[in-house]
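The values are calculated or read from the model by the stated rules, or taken from the named source; none is laboratory data. Everything quoted here is computed from the prediction, not taken from an experiment. Here Cβ is always computed from backbone atoms with ideal geometry, including for glycine, and neighbour counts include all displayed protein chains.
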Amino acid sequence: MTEKKCIFALVIFVKSLIGWKIYKPWLEMTVFKIIVMKKFFVLISLLFPLIGLSQVDIKISIDNQQDDTYYFCKYRGSKALVIDTLTIKNDVIRFKQKTKLPEGIYLLTTSKNIPLIEVLVAKKQKFSVKVSDLEDWSTVKVKGCAKETKIYYKLMAKIRETEANIKVLESEEGYHPENWKKADSLRKDLASYEESMKVKKSSAFINTVINSVKSHQLHNYWDEFPFDDPRVLTYPMIDNKLDAYFEAMSPDAIVINEAIDNIIAKAGSCTEVRDYLLWYFYRMYYAPKYMNLDDVYIHLVNDYFVKLKLEGVSESMLKAMADRAKHLENLKIGAKFPELGNLHSIDASYVAVVFYDKTCEKCAQEGRILEDIRTRHPEMVIFPVEISSGVTDNILSKFDVQNTPMIYLLDPKKVIIAKRIKAGQVEQFLNMDID
């Protein structure tokens, strides 16, 4: 019996029982329910075969691979984190998942964590990658609806080729001074090529990648870098560029703090990138390479961590950060060393304050070097502070003793002229002052 006949029979039956006026509203609602339920079951029947299907299906084939096990990893900055262990079958390494991956660049490694190939994953996540030569990404072939992935391999192949050619030209500049013009021309050509590879949709992930890999001079280094896009954290470029930028920067706390402020501001309302940057800078300047950069740590803690109260930072952590920043104010180069025993009553041209642990072998080695220096420089007095017993945590934090041995070099007025140095470096400062 058809649907219409069933409904008609129901109408006649109800009408005969209760009459037209009574049955009409009830019948309309009943018929409506029947139609809706029928459509619902039709929809379920159509969707049921799709339940359980993978939203992600990435097949990777690499020539001359002997390994049986591989790791599929995601990036967080420059750190690669394993998200799945894969095996090879019929020369194909396959990653499947029911839920979609976040857009990003992923990494395939061997079982010994040797990187093999990166894979850009955008909106379309069902495709295959065929690699003939891992050293030449121009050989990579992508099949499937993965336009941005295809563009990525072309882009990276061009960047690698151009950078290799520029390196050769720069290495020969001593013999061919005109090579700098050729290198500059290659950079301009690459910039034009990068721009031409962008897609029309401005929010496309490949556009974010292109803007992040562009090369600029130090004065406009960050002009197009997408700090306001959290996807920039899914590949190593942000760490690589930050490392290079601050490595080339003058070791001046004022200059560095200004640079940090400008970069943090570029993240705008993107708190994920902002917080990532703050932790990056915190790690970099917790124990900086140059001893005169304590003001960077102090600035980060007082002007960002304390005021913003980042997610995941407990009150106890925040207090420890703030306390250390406060102690560092008194331990900066040029500051008068805090009171410690009879230190300030010592009459000497130089005082080497050494925090050490008597069970520490390195402390003993550094101590012998200091004694040797003192024989050549009797104007220096060694002031040892043994911390293995009888020293409270307050003393350790007050003088920022992070490890042992910890050496401070003071002038006659007990002003700090060097800190966090090795024993062998002490003599350099003594000779410097004499000269």
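Would a scan of segment 385-397 turn up a residue that is modelled with pLDDT of 95 or more and within 28 Å of TYR285 (Cα to Cα)?
No: segment 385-397 contains no residue that is modelled with pLDDT of 95 or more and within 28 Å of TYR285 (Cα to Cα).
Looking only at segment 120-134, decide whether some residue is within 23 Å of ASN211 (Cα to Cα) and without any contact (Cβ under 8 Å) to a residue 12 or more places away in the chain.
For segment 120-134, residues within 23 Å of ASN211 (Cα to Cα) and without any contact (Cβ under 8 Å) to a residue 12 or more places away in the chain: absent.
Every residue, every condition in (1) outside any helix (DSSP H, G or I); (2) over 23 Å from ARG274 (Cβ atoms), yes or no:
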| site | (1), (2) |
| --- | --- |
| TYR304 | no, no |
| LYS319 | no, no |
| LYS326 | no, yes |
| GLU339 | yes, yes |
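Restricting to segment 174-223, what's the tally of residues that are in contact (Cβ under 8 Å) with a residue 12 or more places away in the chain and assigned to a helix (DSSP H, G or I)?
19
Here is a list of conditions, (1) in a helix (DSSP H, G or I); (2) surrounded by 14 or more Cβ atoms within 10 Å (Cβ to Cβ); (3) not hydroxyl-bearing (Ser, Thr, Tyr), and PRO226 meets all of them except one; can you say which number that is?
Of everything listed in (1) in a helix (DSSP H, G or I); (2) surrounded by 14 or more Cβ atoms within 10 Å (Cβ to Cβ); (3) not hydroxyl-bearing (Ser, Thr, Tyr), PRO226 misses just condition (1).
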